[in-house]
1. Check every one of the strands (runs of 3 or more DSSP E) wholly within the range 1-101 and list those with 1 or more residues that are loosely packed, with under 10 Cβ neighbours inside 10 Å.
2. Is there any pair with a first residue in the range 119-144 that is aromatic (Phe, Trp, Tyr) and a second that is surrounded by 15 or more Cβ atoms within 10 Å (Cβ to Cβ) and outside any helix (DSSP H, G or I) whose Cβ atoms are under 9 Å apart and which are 6 or more apart or on different chains, and what are they?
3. What residue, among those in the range 122-171 that are in contact with a Lys or Arg (Cβ under 9 Å, 6 or more places away or on another chain) and part of a helix (DSSP H, G or I), is farthest from LEU18 (Cα to Cα)?
4. Yes or no: ILE34 free of Cβ contacts under 8 Å to residues at least 60 places away in the same chain and in the same structural domain as TRP142 (by TED's automatic domain parsing)?
5. Any idea which residue in the range 76-121 is farthest from TYR29 (Cα to Cα), counting only those that are of a type in the set (A, V, I, L, M) and under 20 Å from the mean Cα position of the chain (by Cα)?
6. Only residues that are closer than 20 Å to LYS101 by Cα and of a type in the set (A, V, I, L, M): list them for the range 40-74, please.
7. Cβ-Cβ under 6 Å, sequence separation 6+ or interchain: first residue in the range 48-66 and over 13 Å from ALA92 (Cβ atoms), partner at pLDDT 90 or above and among the aromatic types (Phe, Trp, Tyr). Which pairs?
Amino acid sequence: MSQKQPLSFKMRVIHRYLGFFLAGVMAIYAISGIVLVFRNTDTFKQQVKVEKTIAANLDGPALGQAIRIRNLGFIRTVGDIDYFNEGSYNHATGEVIYFTKELPFVLDKLTHLHKATTKDPLYFLNIFFGLSLLFFVISAFWMYMPGGKILRKGLLFTAAGIVLTLIMLFV
């Protein structure tokens, strides 16, 4: 006859195998999270040359909107060529050549995980991952005997982690 396992045993088993399953996902999220910290800098970014033809005779703000560069203004004009910080625009033909800085392909894909919205199929992974992490938080309290010294210390560390996070958020 099979003996009914206690909830703490079941939580440990699920915690263990879900942890092994998510180890790779957590590594990817850790790497992409570190890269995202530097998103306002050029760290990890490569310069990419873009050449394309758009509408002719655009002014600075309209050109900036067309090529997605904020606050674009022309520095000088020589003949039909308008120059701006990132490149040049031929207002007669609509040819624009400019440089942009982008993450390498793999890092761009990794950071896209953090930025996924409901319009992106990756958001299911984000929800699953978030729920899994929440399960880890809850199941961790079933790892040790209730009322035991280790659990009491663990609760103090948990409270310290919450307080530190709140201080960092609001100070």
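1. Values: elements: 46-53, 74-78, 81-84, 87-90.
Fully inside the range 1-101 and qualifying: 46-53, 74-78.
2. Filtered contacts from the range 119-144: TYR123/ALA116; PHE124/ALA116.
3. By that ranking, first place goes to TRP142.
4. On the way: free of Cβ contacts under 8 Å to residues at least 60 places away in the same chain: yes; in the same structural domain as TRP142 (by TED's automatic domain parsing): yes.
Taking the combined requirement at face value, the residue satisfies it.
5. Within the range 76-121, the first condition is being of a type in the set (A, V, I, L, M), and the residues that meet it are 78, 81, 92, 96-97, 103, 106-107, 110, 113, 116.
With the extra rule that they be under 20 Å from the mean Cα position of the chain (by Cα), the set shrinks to 103, 106-107, 110, 113, 116.
Values: LEU103: 16, VAL106: 13, LEU107: 11, LEU110: 8, LEU113: 8, ALA116: 12 Å.
It comes out as LEU103.
6. The answer is VAL48, VAL50, LEU63, ALA66, ILE67, ILE69, LEU72.
7. Here the result reads LYS49/PHE99; VAL50/TYR98; GLY60/PHE74; LEU63/TYR89, each pair linking the range 48-66 to a residue that is at pLDDT 90 or above and among the aromatic types (Phe, Trp, Tyr).
The values are calculated or read from the model by the stated rules, or taken from the named source; none is laboratory data. Just so it is clear, the structure is predicted and the values come from calculations on it, not from any experiment. So basically every Cβ, Gly included, is an ideal-geometry build from the backbone, and we count neighbours across all protein chains shown.
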